[in-house]
Amino acid sequence: MSADQGDGTVGKALDVLDMVAGAGRPVRFTELLADAVYPKATLYRLIQTLTHQGMLSYDPDRQTYSLGVRLVRLAHAAWATSSLAPIARPYLDELAEETGETIHLAQLDNGQVLYVDKRNATKPVEMFAQAGKVGPAYCTGVGKAMLAFLPDEVLERALQRQSFHRFTPHTLDSPDKLKAELQAIRTRGHAFDREEHEPGIICCAVPILTRTGRVIGALSVTSTTARTSLSELEAGADRIKDTAARIAAEAESWRFPEQG
């Protein structure tokens, strides 16, 4: 992991925060050093600055670092002002009650999917997607729904950020395959996850677009192959699109970061 040289110290500091966050647990300096591209002295200086600023927290007994409480405040502010979640909450509740299935709300973050809210199914199913998690765009319903409606130049940049790792036998593992799928999504107005990221997990997803066609998010109804089928999920596509349109209409007066 490395910051673009033009990002300087700030980019390096954000790299370190990403490393700590990616560990998913408190980590020692030696663990960070093993994965870092920065010299020991540089990494130590960055960590000390982040700790002094409250962005990292240090446990002297265990000699570990974890994300700091200042980040919690910043994350809450970002959720309230830049996320679709506060606006979409009642619409997600309504859709979840009507379908009985899992509902995901997502936005794009540097070409990847950031899940910003979720409603569990009547009978919850364990799956990767959780609010706050970042997932791949090329093999998820919400990801493909957003990619399909990006301007060509922005889409090309987003495609360069995809790993095209083959998670399951159904994963689209090349840009050409994905582009063909995105064209089909633009035609029908909704996307599918055909067990492309996780075995047994399927969904129908739609983009959330402003009146000018700008992508500000995506919405999906997710289930399992044991419970339903893609054709049954697709039967509710118009209902999902209606929900997405109502979220978009309410979001028109808000300002969101450019996607992609």
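The values are calculated or read from the model by the stated rules, or taken from the named source; none is laboratory data. In this text, all values refer to a predicted model and were calculated from it rather than measured experimentally. Heads up, the Cβs are rebuilt from the backbone with ideal geometry, glycines too, and the neighbour counts pull from every protein chain shown.
Every residue, every condition in (1) over 19 Å from R119 (Cα atoms); (2) in a loop (DSSP other than H, G, I, E, B), yes or no:
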{"position": "H170", "(1), (2)": "yes, yes"}
{"position": "L182", "(1), (2)": "yes, no"}
{"position": "I185", "(1), (2)": "yes, no"}
{"position": "T243", "(1), (2)": "no, no"}
Expected output for the range 152-175 (first residue on the phi > 0 side of the Ramachandran plot and surrounded by 14 or more Cβ atoms within 10 Å (Cβ to Cβ), partner among the small types (G, A, S) and at pLDDT 95 or above, Cβ below 8 Å, 6+ apart or cross-chain) is F164/S174
For the range 62-114, give me each residue that is surrounded by fewer than 18 Cβ atoms within 10 Å (Cβ to Cβ), touching a Phe, Trp or Tyr at 6+ places or on another chain (Cβ under 9 Å), in a helix (DSSP H, G or I) and modelled with pLDDT of 85 or more. P86
Please list, ordered by first then second residue, the pairs with beta carbon atoms under 7 Å, 6 or more apart or interchain, first in the range 3-25 and assigned by TED's automatic domain parsing to the domain that holds L46 and buried (at least 16 other Cβ atoms within 10 Å of the Cβ), second outside any helix (DSSP H, G or I) and modelled with pLDDT of 85 or more. K12/Y38; L17/M55; M19/A36; V20/V27; V20/L56; V20/Y65; V20/S66; V20/L67
Sort through G111, G100 and tell me the only one that's over 16 Å from the mean Cα position of the chain (by Cα) and of a type in the set (G, A, S). G100
Inspect all residues belonging to the range 119-135 and state whether any of them is of a type outside the set (G, A, S), buried (at least 21 other Cβ atoms within 10 Å of the Cβ) and part of a loop (DSSP other than H, G, I, E, B). no
Being under 26 Å from A21 (Cβ atoms), surrounded by 13 or more Cβ atoms within 10 Å (Cβ to Cβ) and either in the same structural domain as D93 (by TED's automatic domain parsing) or out of contact with any strand residue (DSSP E or B) (no Cβ under 7 Å at 6 or more places or on another chain) (or both), is that true of even one residue in the range 176-190? no
Residues being closer than 14 Å to L56 by Cβ and in a loop (DSSP other than H, G, I, E, B) - total across the range 22-35: 3
In contact with a helix residue (DSSP H, G or I) (Cβ under 8 Å, 6 or more places away or on another chain), crowded, with 21+ Cβ neighbours inside 10 Å and among the aromatic types (F, W, Y): is that true of Y138 in this structure? yes
I'd like to check something: does the range 149-159 contain any residue that is assigned to a loop (DSSP other than H, G, I, E, B), within 21 Å of V134 (Cβ to Cβ) and at pLDDT 95 or above? yes
Kindly evaluate D93 against the criterion of being of a type in the set (D, E) and not assigned by TED's automatic domain parsing to the domain that holds Q130. no
Collect the residues in the range 187-211 that are part of a strand (DSSP E or B) and acidic (D, E), keeping them in residue-number order. D193
